[in-house]
Structures are given as structure tokens and as C-alpha cells.
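Please read the structure below before turning to the comments.
The values are calculated or read from the model by the stated rules, or taken from the named source; none is laboratory data. Note that this is a predicted model, so its numbers are computed, not measured. In this analysis, Cβ positions are derived from the backbone assuming ideal geometry, glycine residues included, and neighbour counts consider all displayed protein chains.
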């Protein structure tokens, strides 16, 4: 069904315009299929000579796309070419001078244009080759778009080239700001691959990567693995890590430089071959921007064929229990008071937020579901209101999978830490486990709420790690100096963040930072690498699972007696699958000393640690 107003008059502009129809409040929200990264023959590296712009639009409609963006390299020549042809044909029609074949062509433009929202934009090449998608409202003039490119320091003589190479242009963060201030939507292109701001396979993470992926002017990130459960880039940017605390919208696009996928190279996708579905009130630029600047992350999903629809519950079940999600097949537990569910809600509020699913278990088995999710929601709301302090706003909704209904409870990270059940039970989330907080964890939550810094001993440990930074980086490039000189990025060379030394510690797992003997019993001090919290007086007998494992390894198989696989100053001590996940013990060499990090999962192995990842 067409959602675009058809022309009833020959004087109506024929170029693709914003969809119209019922007002938003009268429309039913629905999923729209979008591909926001499409090239046309205006890009110099377009792969199919002879393709016309009408051929391009035909393929867009054939693929069932409802929202698309034209994102040629550093040019809006493709946008201009389409507009010029439509304006010329419309003028001939008004003057009664159209030939039959021209009338047929104009009619086809209009018919196709009524079926899809076409947004103008470009793919900008920032300093050092990072790619950024800039997408604008459909009525944005070509002159305005070119002014934006000029503000981004694309040379005037290259505005029509469509080349990925433009010389020294604008730094990434400045580009985000310029595009946003010009009225554009800012999306980091293919962040997890070549020219992506997530700097995959660079030998460090660091302040630069954090800035490039967390900047407030960045609306979303395009990834190439959104449909891949377990190891997707989107999971890394889900807001669970202190350094990457802003959860990011992740979408996918085809980056198509051709109409159809290249049969000789399946990685060279065609139009719409990797698309995103967006739950919108209407297919407009305003609705798209409103979604990507909201916190409604459940309204974005990868597009799939009609016979294999995307099942969000199936994906999260495969991922299993984690820091930010838990599963309960039944609503009640032994006490019959929803204590396990309430404990997870409290723990997630005290940690990074998350989602609790009630009515299913992890894995691929049959879903039990709930007979009356509405009644359960009402009961849980009353329990949270009555037993949790301070007040916490949580969202309930119902998901359906395998003809079964599951209650989803979305828990935000609390703004008024710490949260407690029944006034005195403080829970924390430790990876996939909820536990009562010990004294030092409660103190850490209070300090976090009051804005206190980490303990001095932790800052000293981080300073020691920074001292070995040069040994972890193959080659150091001074970003500021190179930008000033207008130099190109050396092939394969990593970036040295301007702000200071990058982070070199894993972002998940624990480290034993001290031990004290009391009456012959060792009491350990353990650091949580995820949030920097330090817990004292931990014994092997009373420790949680990961803490107990770390103490056991420390006592029974010290790193000094293990065959460590060293790569520079980073080392792999041990790897095995435990609790459904592959976990790593890692080592960092600091002079004659060795620091060991226990139970690190893939989510925490950024920068130099990524080289030890195993399938």
C-alpha cells in the first residue's frame, strides 16, 4: 500500500518528498524497513557502470524498503542529479512538451516515489579516514548540503568527485557537531569494520574510542553484525561498562555500491540486503530522528525475510543470563513472594540497569509462557512499590514467541543509589548473578551516588598500567600533531589519544589486589574490573562464584607457575568455558611484577586483549 500522496495535478513537484497521510495520533505504529546507507552512481567507487538513478529507485522499491538515505562519498551529486531530472521533466509537462517516453519516465518516478521516503545525505570522510553518515530531511536543498560539506572542509573542487579521499578534512567530534547543528542525523558508519570509529583491531581502546562512540552529538552507530547474537558490537555498547555508559542505538545498512549482491564476493551487498526495521508512528525524518534520540531501544531490530521474522526473545535467550538480563521461567520461588525477580530488579538498579524476563528460560527450548501476564504485572508493580526504596520507575510489556507470552521488565540504572528491598536488603549484579551486597559494595554505591573518586590504591594501580602503555602499542601516532600537519593516516598505524593514555585493563572480571593473614586464614581484597569497586575481607569459603574461582586460582595455580602466552606485556594465562561462557585469565606484565585478571569474558576484552579471543 502506498503511504505517499499521489499527484493529482501536473503542477505538483515530482521529486521524492516526505510521506504524508494520517496524522501520527491516528496512525497505528508499525515496523518500517529502512536502509540508511546507500550509494548511487555519484560515488566514484560505484561498482556497476551504466546503472541509472531510476534503476536505483526501482531496486529500492523492489527490495521492499520504505525509508532510504542517499549517502554518496563526500558529495550530494546523486541527490542533485535526481532532483534535476525530476524538475526538468516536470517543467516539460507543465509546458505540454513531454514526449511519450518522457511522460512514462516521469510517471514511473512518481509511482515509485510514492512508495518510499528518500532522505538526502552523504558519507563524510573525517580526519584519519573515519566515515560518518549525515542524513537530512527530504526537503533540504542541495545548496545547504553542499554548504555543510564545505563547513566540513571538503575542498570545493572535490564536491562532485564522490571520492572517499578528500585530504585533510575535519576531526570526528567536530564533524558530529557540524552535521547536528546543520539539522542532520549523525550516524557513525560501519563502526566495527574498516574506517569505523569503534577502531576494531586497533591495539588499544582508550579515551579516543570512548569519545568517538559516546559523544552526545552522535545519534546512532551502524554495525555489520546486528543480527548476530552473542558476539554483536551492539552488546559492547549496551551501557553496561562504566567507560561506555551511554547506551547507543545500533542499526545496520547495506553500504550498497551496486544494485544486487556481487555473486563473486558476497560481502559486496546489494540494495537492502542488510537493512533495519524501525517501529515508528509514520515514515518521516522527524519520527526517525525522534526514535534515535530517545531511549526506546526495543523499537530497532534487524530486518529479516518474511518467512523468518526476527524474534527478539529468541536472540536474548541465546545470549543467556548476563549483567543486564535475567530469566525466570516461573514467577514465584520457594518463598512465593517473587523474591528472585525483585532481587534482580534491585540489583540492576544498583548496577547498570537491565531487563528481567518472566515466563521463559535461557537457551533454545520450548517457552513455558504466562497464562495471565497482566495480572502478574499488577502484582509485581505492587511489590516493587511497597518493598523497594527509593522509588524506581520500571517499564512492563509483554513479548510473544512460540505462541507464548512473556513479561518483560525494563529496569533503568537508578538515579538515587543505593536501592534496597524491605529497607535493609541491598542487592548487586555480579555478571549473571544477583547477590546481597557486602559492606564495601554498599559503601561504593554510596560513594558513587555522592560523586567520590576511586580509592587511591586503584588510581596507583592504573598509573602503573599506563607506565607500560608504550610496550602494548606497536607504533604511536600523535593525533593532534598529524591533524595540524594535515597528514594522512599511515596504513595499519594505531592512534594515540590526545586526552592521555588509553585504558589497558580488561573491563570485566576481577583482580586480587591484596591479601592479609588473620589467625592463619587469608582475607583477600578484590577489585571488580567492571566498576572499579574494591571489596575487602573476602575469604575463599564465603566468596561468590567468580571471587571463589579467582582465590582458588591464586592459591592453587599461581600465575608464576603457569605457562603464560605473552604477546608484548599482555598475556593469556588460561581459558576455559564456565557457566556457559568462554572465560579468560589474563596477565599484565609491569616490570618484574605480574598482575592477573580472572574470569574475563569477551565483553571485557577490548584493545590488546582482543588478540587472545578464541571461538
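Can you tell me which residue in segment 540-556 is farthest from the chain's Cα centre (by Cα), limited to those that are without any contact (Cβ under 8 Å) to a residue 60 or more places away in the chain, within 21 Å of residue 508 (Cα to Cα) and not in a helix (DSSP H, G or I)?
Going through the qualifying residues, I end up with 540.
Going by what's in this entry, would residue 36 be described as surrounded by 14 or more Cβ atoms within 10 Å (Cβ to Cβ), modelled with pLDDT of 50 or more and not in a strand (DSSP E or B)?
Taking the combined requirement at face value, the residue does not satisfy it.
Restricting the search to segment 600-615, which residues are farther than 21 Å from residue 239 by Cβ and in contact with a helix residue (DSSP H, G or I) (Cβ under 7 Å, 6 or more places away or on another chain)?
Within segment 600-615, 608, 613 meet the criteria.
What about residue 174, is it surrounded by 23 or more Cβ atoms within 10 Å (Cβ to Cβ), in the same structural domain as residue 255 (by TED's automatic domain parsing) and modelled with pLDDT of 95 or more?
Values: surrounded by 23 or more Cβ atoms within 10 Å (Cβ to Cβ): no; in the same structural domain as residue 255 (by TED's automatic domain parsing): yes; modelled with pLDDT of 95 or more: yes.
The answer is no for residue 174.
In segment 98-106, is there at least one residue being more than 23 Å from residue 218 (Cβ to Cβ), assigned to a strand (DSSP E or B), in contact with a helix residue (DSSP H, G or I) (Cβ under 9 Å, 6 or more places away or on another chain) and modelled with pLDDT of 95 or more?
No, segment 98-106 contains no residue that is more than 23 Å from residue 218 (Cβ to Cβ), assigned to a strand (DSSP E or B), in contact with a helix residue (DSSP H, G or I) (Cβ under 9 Å, 6 or more places away or on another chain) and modelled with pLDDT of 95 or more.
Quick check on segment 88-96. Is at least one of its residues assigned to a loop (DSSP other than H, G, I, E, B), at pLDDT 95 or above and either touching a strand residue (DSSP E or B) at 6+ places or on another chain (Cβ under 9 Å) or crowded, with 22+ Cβ neighbours inside 10 Å (or both)?
no
Hey, does segment 411-421 have a residue that's over 29 Å from the mean Cα position of the chain (by Cα), at pLDDT 95 or above and in the same structural domain as residue 323 (by TED's automatic domain parsing)?
Yes, segment 411-421 contains at least one residue that is over 29 Å from the mean Cα position of the chain (by Cα), at pLDDT 95 or above and in the same structural domain as residue 323 (by TED's automatic domain parsing).
With 304, 317 as the choices, which residue is over 18 Å from the mean Cα position of the chain (by Cα), over 28 Å from residue 445 (Cα atoms), in contact (Cβ under 8 Å) with a residue 40 or more places away in the chain and assigned to a loop (DSSP other than H, G, I, E, B)?
After applying the criteria, what remains is 304.
Of the residues 247, 235, which is within 28 Å of residue 406 (Cα to Cα), in contact with a helix residue (DSSP H, G or I) (Cβ under 8 Å, 6 or more places away or on another chain), modelled with pLDDT under 95 and not in a loop (DSSP other than H, G, I, E, B)?
Result: 235 is the single residue among 247, 235 that is within 28 Å of residue 406 (Cα to Cα), in contact with a helix residue (DSSP H, G or I) (Cβ under 8 Å, 6 or more places away or on another chain), modelled with pLDDT under 95 and not in a loop (DSSP other than H, G, I, E, B).
Quick check: is even one residue across segment 515-527 part of a loop (DSSP other than H, G, I, E, B), in contact (Cβ under 8 Å) with a residue 60 or more places away in the chain and not assigned by TED's automatic domain parsing to the domain that holds residue 243?
Restricting attention to segment 515-527, the residues satisfying the condition of being part of a loop (DSSP other than H, G, I, E, B) are 519-520.
From what's left, in contact (Cβ under 8 Å) with a residue 60 or more places away in the chain: none.
Within segment 515-527 (the criterion being part of a loop (DSSP other than H, G, I, E, B), in contact (Cβ under 8 Å) with a residue 60 or more places away in the chain and not assigned by TED's automatic domain parsing to the domain that holds residue 243), the answer is no, since none of the residues qualifies.
Identify the residue in segment 49-77 that is free of Cβ contacts under 8 Å to residues at least 40 places away in the same chain and part of a helix (DSSP H, G or I) and, among all such residues, is nearest to residue 143 (Cα to Cα).
53
Give the residue that is farthest from the chain's Cα centre (by Cα), with candidates limited to residues of segment 584-603 that are buried (at least 22 other Cβ atoms within 10 Å of the Cβ) and under 20 Å from residue 430 (Cβ atoms).
Taking segment 584-603 and keeping what is buried (at least 22 other Cβ atoms within 10 Å of the Cβ), we get 584-586, 588, 596-600.
From what is left, the residues that are under 20 Å from residue 430 (Cβ atoms) are 584-586, 596-600.
Values: 584: 24, 585: 26, 586: 26, 596: 29, 597: 26, 598: 26, 599: 24, 600: 21 Å.
Step by step, filter segment 584-603, then rank; the result is 596.
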